[in-house]
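The structure appears right after this line, and notes come after that.
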Amino acid sequence: MTTQEWKFTTKDIAEKPDLFLSGHRACAGCAPATVLRLIMKATRGPTIVTESTGCMEVVSSIYPYTSWATPWLHTAFETAASNASGIEAALKIMKKKGRLKQEHVDVIAFAGDGGTYDIGIQALSGAVERGHDFLFVLYDNEAYMNTGIQRSGGTPHGAATTTSPAGTAIPGKLEYKKPIAEIMVAHEMPYVATASPYYWRDLITKVRKGLEVNGPAFLHVFAPCPRGWRSDPARSIEYAKLAVETCVFPVWEAVNGVHQLSTPSKLLALAPQKKKPVTDYLKGQGRFRHLFKPQNKKMLEEVQSMTDERWQRLLAKCGMTQKS
Amino acid sequence: MKSVVKQERMALSGDEAVAYAAKQSDVDVVAAYPITPQTIIVEKFSEYVANGEVETEFVCVESEHSALTACLAASATGARTFTATASAGLALMHEMLFVTSGCRAPVVMAIANRALSAPINIHGDHSDSMAQRDSGWIQMYAENAQEVYDSIIQAFRIAEDLNVLLPVMVGLDGFTLSHTLENVEALTDDVVKQFVGTRQFPDVLTHEGTTAPFKLDPENPMTIGPLALQNYYFEFKRQQEEAMANSLSVIQKVNSEYAEISGRSYGNGLIEAYCLEDAEVAAVCLGSTAGTMKTIVDGLRQEGIKAGLLRLRTFRPLPVEEIRSALGNVKAVAVMDRCISFGGNGGPVFHEMRHMFYDVNPHPYVVNYIYGLGGRDTSPTELRSIYEDLQRILKTRRVETPIQYLGLRE
């Protein structure tokens, strides 16, 4: 079934058996766990999953238990993409030699921001350059949460983490979030997309598209972490919505390098008055609390201006301009 | 006993012998990255792939770390996998060596043994693989290109044996073996294919309480590489140690089965005893040095000196009983380390040798020679001097310098 014919209804979702099972030990309000469950709902057939070391690996595989109703491999932190490379190579040759029972097996690699932006980027870049047929999913909770909230290349400007604390001399992380999805687009790979779990239908449609692509696909999913963000566990999905509404995390896809805004962000491009100020998103998150102090006013302005600048750049890539 | 099959004499360097053996062993996935002096292996194998001579998926990865990871993942999926590296490449794999053995993935890897930086040096010594001694891999060291070829083929059988299921590394001395052309008797493709057989999988308990083959199979979902905490981790490690112990007999069995078809065996597969029956003085060494040492021993024997040599073919697992028994009557032993253990009490092989004779009474004198680092040539005269030292120790009943450096400017 192709994505065009494939219409997921809430009923379909509810009826499809889970492949990421309950009983895992994720925190209350963990958006990455919701993201994984949704993604596994969108699989189209036999699937092998591999994960880098990180929160989702740790909470789902505590021996002798597992949350995975699908074959699953973990090896190390920086290896999600190299695991996928090996699995895909094995499936390919086993099929050629007549030793694969299935007609096709999909491969999904999950990694957090540490395993993608930082320690895992070499293996990811290599695997994409080689053109392995797999879907790489980055669940981005914007810091090394598994080891206790340390900054990563995906941590946003101004955020306080345990290695970029809001001190009296330095007010949180000074550097900006690495534009990882654009780095992947620059690999000239067939499919790159960003998604937010609030817009779940958009998310799972992109998963299916990524699986259907012949070659590597990269999906960047925004995944709030109440522990690391010092936010209300009940509001995780709301933050996933606000990030899109403030254009902190626009949702888009690039098919064969051609950018296109996805509906939630496209609506904001068409009706810019609906675009919310970044403070709507930042407030309530303990990691940004210090930005609201008078002495850090400049930093708050920087977050807004960088968000606007990146949004304009994205609009230009999508062939749209926003009236101010 | 089967008769020895027809073989083809080929002129191969050690690296080419590795690639040829891997080609014949029906490998499914090769993931590798170039590094001197291993590069010829990857190049040669790429040629086989480019010319359609192998049914192998060749993954030309971006680093050794990914090379081993891809092999491990492919192995977990059910493929027979092979890779090769050396020196810095092996050091970069360090993390994944433990994960590979811990996941019980029977990956086979050739190591063109080379010095570690700094200063950077591309030539032969054993520092690279000795630094990976405790990574849970079976370690074998070859004496010549023929043995390199034979050992790679045997390694698949050893690694994939259901009582073992451990990765195997086969060491060949950088340049001395990797780049030197030798006559190699090669078995035919069919004979090798039959000898290595098809990969088998053990049935293990799944999370749902049923049993299924241990691999990533959508029909039998299995979680491989989980998190195991204080309550289970220790048992996983103990099982690896048990597999190591099991491999002692498997290596011997594979060595003798291989001898039946090829006519070639390497001692009992674990150690090779040369003129040790009545020896009073003996050296212990690994790899290509043994070739020269045997010539030295022959010369000494002609002079009436009771000299012998023990070549350690398998370093991990360490064949303790076999070594003790082979050196049973020797009065003075010189252990040769082509590696330095900084701040340690001698080289890594010496540690093992001296330690294993602690309980043996009377035990021989055991002394250490560190030699050949960074490809430093060790002359026959220098090697002969070791036996002269041993004779002096026996005569004076004194060890003046237990740890010495051979062929070094002091």
**Request:** Quickly run through segment B:63-90 and pick out the residues that are more than 21 Å from residue A:124 (Cα to Cα), buried (at least 24 other Cβ atoms within 10 Å of the Cβ) and hydrophobic (A, V, I, L, M, F, W, C).
**Result:** B:79, B:82, B:84, B:86
**Asked** Among the residues of segment A:18-33, is any within 11 Å of chain B (Cβ to nearest Cβ) and either more than 30 Å from residue B:230 (Cβ to Cβ) or touching a residue at least 60 places away in the same chain (Cβ under 8 Å) (or both)?
**Response** no
**Request:** Tell me which of these residue A:103 doesn't satisfy, since it passes every other one: (1) more than 8 Å from every other protein chain (Cβ to nearest Cβ); (2) more than 23 Å from residue A:255 (Cα to Cα); (3) surrounded by 23 or more Cβ atoms within 10 Å (Cβ to Cβ); (4) among the acidic types (Asp, Glu).
**Result:** (3)
**Message:** Yes or no: segment B:44-65 includes at least one residue that is of a type in the set (Gly, Ala, Ser) and either within 21 Å of residue A:109 (Cα to Cα) or in contact with a Pro (Cβ under 6 Å, 6 or more places away or on another chain) (or both).
**Reply:** yes
**Request:** All but one of (1) without any contact (Cβ under 8 Å) to a residue 60 or more places away in the chain; (2) surrounded by 13 or more Cβ atoms within 10 Å (Cβ to Cβ); (3) more than 19 Å from residue B:28 (Cβ to Cβ) hold for residue B:218, so report the exception by its number.
**Result:** (3)
**Message:** Taking the condition of being closer than 25 Å to residue B:128 by Cβ and among the aliphatic types (A, V, I, L, M), how many residues in segment B:283-329 meet it?
**Reply:** 11
**Prompt:** Here are A:67, A:60, A:82: which of them is of a type outside the set (Val, Ile, Thr), closer than 18 Å to residue B:95 by Cα, crowded, with 23+ Cβ neighbours inside 10 Å and at the interface with chain B (Cβ under 9 Å from one of its Cβ atoms)?
**Reply:** A:82
**Asked** From the list A:23, A:29, which one is within 30 Å of residue B:105 (Cα to Cα) and not hydrophobic (A, V, I, L, M, F, W, C)?
**Response** A:23
**Request:** Please state which of the following conditions residue B:91 fails to meet, knowing it meets all the rest: (1) more than 7 Å from chain A (Cβ to nearest Cβ); (2) touching a Gly at 6+ places or on another chain (Cβ under 8 Å).
**Result:** (2)
**Fill in**
If we ask which residues in segment B:63-77 are closer than 21 Å to residue B:165 by Cβ and facing chain A (nearest Cβ under 8 Å), their number turns out to be 9
**Residues that are crowded, with 23+ Cβ neighbours inside 10 Å and within 13 Å of residue B:146 (Cβ to Cβ), drawn from segment B:5-19** = B:12, B:13, B:14, B:16, B:17, B:18
**Asked** Name the strands (runs of 3 or more DSSP E) wholly within segment B:168-264 that hold at least 1 residues that are within 12 Å of chain A (Cβ to nearest Cβ)?
**Response** B:203-205, B:211-213
**Message:** Can you tell me which residue is farthest from residue B:251 (Cα to Cα) among those in segment B:138-148 that are surrounded by 24 or more Cβ atoms within 10 Å (Cβ to Cβ) and touching a Leu at 6+ places or on another chain (Cβ under 7 Å)?
**Reply:** B:145
**Prompt:** Would segment B:4-13 turn up any residue that is in a loop (DSSP other than H, G, I, E, B), within 14 Å of chain A (Cβ to nearest Cβ) and charged (D, E, K, R)?
**Reply:** no
**Request:** Quick one: in segment B:382-410, of everything that is among the polar types (S, T, N, Q) and closer than 18 Å to residue B:337 by Cα, which residue is surrounded by the fewest Cβ atoms within 10 Å (Cβ to Cβ)?
**Result:** B:401
**Prompt:** Mind checking which residues of segment A:13-40 are within 20 Å of residue A:107 (Cβ to Cβ) and among the β-branched types (Val, Ile, Thr)?
**Reply:** A:35, A:39
**Fill in**
Of all strands (runs of 3 or more DSSP E) fully inside segment B:287-356, the set with 1 or more residues that are of a type in the set (Asp, Glu) and crowded, with 23+ Cβ neighbours inside 10 Å is B:332-337
**Item:** residue B:80 more than 11 Å from chain A (Cβ to nearest Cβ) and under 23 Å from residue B:148 (Cα atoms)
**Value:** no
**Fill in**
residue A:121 meets each of (1) under 16 Å from the mean Cα position of the chain (by Cα); (2) facing chain B (nearest Cβ under 7 Å) with one exception, condition (2)
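A short reminder: the numbers here are calculations on the coordinates, not readings from a lab. Computed from a predicted model, the values in this text were never measured in an experiment. Backbone-built Cβ (ideal geometry, glycine too); neighbour counts: all protein chains shown.
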